[in-house]
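Enquirer: Below are the C-alpha cells for one structure; questions will follow.
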Amino acid sequence: MQRPVYLDHHATTPVDPRVFAAMAPYLQGCFGNASSASHAYGREAAEAVTHARRQVAEAVGAAPDDVVFTSGATESINLAIQGACRAHKGERRQLITVATEHKAVLDTCAGMAALGYRTRVLPVGADGRVALSELREALATPTLLVAAMAVNNEVGTVQPVAAIAEAAHAAGALLFCDGAQALGRTPLQLRAWGVDLCSVTAHKCYGPKGVGALVARPEVALDPLFFGGGQERGLRPGTPAVPMLVALGEAMALAEAEREADEARIGALRDQLWAALQRDVPRVALNGGWAHRVAGNLNVSIACVDAATLMVALPDLAVSAGSACSSGTPKPSHVLRALGLDDEAALSTVRFGLGRGTTEADVRFAARRVAEEVAKIRASSPLWALTEAGVDVQWG
Ligand SMILES: *Cc1c(COP(=O)(O)O)cnc(C)c1O
C-alpha cells in the first residue's frame, strides 16, 4: 500500500538523509562520553558536541556559549520560563504571553501562579499578530518576562520578534521566544534582536524527535530544573546525547543554509494549492493573514464540513484538523479562537504544512482529493443545501 501524502510538516518533519548520515557514526564506533576527556573516545565525542554547539549558534545568530542542549522545545520552554521565575527574587511578578502560543508556553506560564506570578495573555488581530501598543500597555505593570513565539504552528504567523524584544527591554523585562517553528522558515538573529531566551527543536527542521536547545545568553539568571553532573552550564546536567546533538546541529545548519531556496520553492507550491482549493472548493476561507506567514503553511476553514469527518475520508492524505496537539479532542483550537473564529468555523479547519519533500504532484493530489471528499460530505448535508439555497444559516 502506498503511504499517504505527507502535508503535516508543522507537526513534525522526516529526518533528512544528510542528518542521518552525520549522526550515524556516533551511534556506532564513536560512542564516547563527551564528558570523559581522558581518552580519544571521549575527546572525539566532545569535539562533535562542540561542533554541534557552533552549528546551532550560527543558525540562530547567537554565540556558542549561549547554547544549552535539551530534549526539545517543551523542555527548553520550561527551563526558560520556570528557570527565570525561580531565579528571580525581585518585585517583577507579571509574565506576559500571547493567546496563540503553544500549550507548552501557556501552561508553563499559568503554572507559575504557584510561585506568585500573574500571567497576562495578550490578544492577537485576525492576522495572528500581537499589537505592540497592547504589549507596551501591559508592560506598565512590572514584568519579569514576555513569552512570544517567532512562528505559529497552526497558521504560520511570523511575529515581529525584534520589536517585541525592544518593547520588553524598554520596560526591563526579559524576552523568551519560542523558535520551534522558525528554523528553515524565517531568519532568527537572536543576538542582534536582543532575544534573551529562545527554544528550538530538531524534529521541526528535519532532525530527530527528542533533541533541542535553549539558547540563553549567559548573563540571564536561570535556576536549573534538574541537578547532577554540571553539564550545560549546570542548567541541564546529564551525559550529552552525542548522536542527537550532532543531528540537531546538522539539521539546523542545513535548514538555515537552504532556507531561502526551500521557502521560495515551497511557497510556490503552497500558492498552487491555495489557487486549486479556491477554484475547486466553494466557500473555503483562509485563516490568518497572508503577509506575515511562512511559505509552507495553509490553514483553511471549509463551510459545512466537519474537519474530523474529512480526515477520516482522506486516509491517503496526512493533514491536520486544527492543531495536531489537540487532535483527538473535539475542542476547537485555542489559536483559531484567538483569531476570532467561532467554534463551527474552527472545527471545520484543515491545516496543510508543506515541506522539503513536497512535490507539485503531492499538491495537485491533495487539492483534488479534498475537493472530492468535501463535495461528498456536502451532498449529504442539509445545512449545505440551505446555505447553497441562499438561506442565512444561523450557527450554534
Ligand atoms: C512542536 C512545538 C513545540 C514542542 O516541541 P517539542 O520539541 O516537540 O517538545 C513547541 N512550540 C512550538 C511552536 C512547536 O511547534
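Enquirer: Counting pairwise Cα distances across the stretch 8-90, what percent come out greater than 15 angstrom?
Expert: Details: 2477 of 3403 pairs.
Percentage above 15 Å: 73.
Enquirer: Further question on the same structure: Distance between the C-alpha centers of the stretch 1-43 and the stretch 85-123? Whole Å please.
Expert: Computed from Cα coordinates, the inter-centre distance equals 34 Å.
Enquirer: Let me know the number of lysine pairs in the chain closer than 30 Å at the Cα, not counting same-chain pairs under 8 apart.
Expert: Going through the chain pair by pair, I get 7.
Enquirer: On to the next question. With N denoting the number of residues in the stretch 137-277, provide Rg(C-alpha) divided by 2.2 N^0.38 Å, to two decimal places.
Expert: After normalising by residue count via 2.2 N^0.38 Å, the value is 1.19.
Enquirer: Please report Rg (one decimal) and Dmax (integer) in Å for the Cα set of the stretch 226-359.
Expert: Rg and Dmax of the stretch 226-359, Cα atoms, are 19.2, 60 Å.
Enquirer: Sticking with this structure for a sec: Let me see the P(r) profile for the stretch 130-196: every Cα-Cα distance counted, bins of 5 Å, each bin given as a percent of all pairs.
Expert: Once binned at 5 Å, the Cα pair distances of the stretch 130-196 give 4, 18, 30, 23, 15, 8, 1, 0.
Enquirer: Shifting gears a bit: So how many Å³ per residue does the convex hull of the Cα atoms of the chain work out to?
Expert: Hull volume over Cα atoms, normalised by residue count, gives 144 Å³.
Enquirer: Once you charge only the Cβ atoms, +1 for Lys and Arg and -1 for Asp and Glu, what is the size of the charge dipole of the chain about its Cα centre, to the nearest 20 debye?
Expert: Dipole size: approximately 360 debye.
Only the coordinates and a few stated rules stand behind these numbers; no lab work does. Computed from a predicted model, the values in this text were never measured in an experiment. Cβ coordinates were reconstructed from backbone atoms using ideal geometry, including for glycine residues, and neighbour counts include every protein chain displayed.
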